[in-house]
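See below for the structure under consideration.
The values are calculated or read from the model by the stated rules, or taken from the named source; none is laboratory data. Note that the coordinates shown come from a computational prediction; the quantities given were computed from them, not determined experimentally. Counting neighbours? That spans all protein chains shown, and the Cβs are built from the backbone with ideal geometry, glycine included.
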Amino acid sequence: MIITKKKDIKDILASLEGKKTVYLFGCDSCAEQCATGGEKEIKEMTAILEENGIKVVGSSIPEETCYRQLILKDYRLKPELKEAEAVLVLACGAGVRTVADAAEETQPVLPALDSLFLASVERVGRFFEGCSLCGECVLDATGGICPHTECPKGLLNGPCGGVAQGMCEVNTECECAWVRIYKRLEKQGRLDALKKIAAPKDHSVGIRPRKVLLRETPRDAEKKNKK
Ligand code: SF4
Ligand code: SF4
């Protein structure tokens with residue numbers, strides 16, 4: 001799940017300067033769970049914008065705002081969306097990008113949120129970062145705890161010299177990631193895994209932007225045939 005936080009309303013109003021009409025998108029997936037882009041937040045944003053003289057001509061809360069086909073459907077079925085002077089998206093950056101690609105190039109699509117990290121969900125409203133999407137997973141050797149993400153120094157062969165009574169010297173309220181890795185591997189009888197020096201990460205696998213194309217579209221096939 002992608003964690004988002006609300007942008008300062010002053011910044012949102014500044015980005016909408018000069019606009020008289022706006023259409024809002026929320027997201028019924030991650031942003032709804034983060035309480036940043038569900039029905040309540042769309043209502044709150046509508047009230048604030050209208051108080052500031054910006055008419056909200058409509059809104060949608062797609063199941064997933066990063067799913068292009070759902071957004072294109074709204075653009076097909078809702079003339080008020082096409083006609084709005086701007087679109088404000090209460091979803092993560094992938095949602096903003098998806099709406100921006102579906103909109104006419106002339107229609108500004110603006111973010112209402114900042115996207116923070118990919119989270120594991122402990123329970124409703126409790127999220128923690130356990131993976132940085134590096135493209136080269138090492139969790140097999142670290143008991144499912146990611147040192148690249150959970151050690152603030154990203155040490156792949158920890159711990160560092162700063163660990164004090166099991167606690168991290170940087171995030172002083174957290175147990176050192178490498179202490180947790182050690183304890184878990186010990187319970188699994190797999191301490192031998194720590195004898196192996198982990199190689200530096202191959203950052204070339206994380207060169208952005210990354211793409212996965214599992215299915216060929218008719219347009220892809222057409223392009224291939226032309227080559
Ligand atoms: S090594 Fe860490 S950051 Fe990389 S994919 Fe695995 S969990 Fe994610
Ligand atoms: S104390 Fe542990 S988690 Fe903290 S920076 Fe050092 S190795 Fe990383």
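Among the residues of region 41-72, the ones that are in contact with a helix residue (DSSP H, G or I) (Cβ under 9 Å, 6 or more places away or on another chain) and assigned to a helix (DSSP H, G or I) come to 8 in all.
Hey, any hits in region 142-161 for a residue that's within 16 Å of ligand 2 (Cβ to nearest atom) and within 30 Å of Gly26 (Cβ to Cβ)? Yes: one or more hits. Of all residues in region 10-29, those being in contact with a Gly (Cβ under 8 Å, 6 or more places away or on another chain) and in a loop (DSSP other than H, G, I, E, B) number 4. Scanning region 11-31 for residues that are free of Cβ contacts under 8 Å to residues at least 60 places away in the same chain and under 27 Å from Ala119 (Cβ atoms) gives Asp11, Asp28, Ser29. When residues in region 195-227 are screened for being assigned to a helix (DSSP H, G or I) and over 21 Å from Ser132 (Cβ atoms), 10 of them pass.
On the given criteria, is Lys226 at pLDDT below 95 and within 16 Å of ligand 2 (Cβ to nearest atom)?
No: the conditions fail for Lys226.
Note on region 90-189: enclosed helices (runs of 4 or more DSSP H) holding 3 or more residues that are under 25 Å from Asp202 (Cα atoms) and within 16 Å of ligand 1 (Cβ to nearest atom) are 147-150, 177-187. Is it true that Lys201 is closer than 17 Å to Glu136 by Cβ and either surrounded by 11 or more Cβ atoms within 10 Å (Cβ to Cβ) or within 16 Å of ligand 1 (Cβ to nearest atom) (or both)? Yes; evaluated as a whole, the condition is true for this residue. Would you confirm whether any residue within region 6-19 is assigned by TED's automatic domain parsing to the domain that holds Ala112, buried (at least 19 other Cβ atoms within 10 Å of the Cβ) and closer than 17 Å to Asp101 by Cα? No, region 6-19 has no match at all. Taken together, Ala112, Ala91, Ala31, Ala35 contain a single residue that is surrounded by fewer than 21 Cβ atoms within 10 Å (Cβ to Cβ) and within 30 Å of Arg208 (Cα to Cα), which is Ala35.
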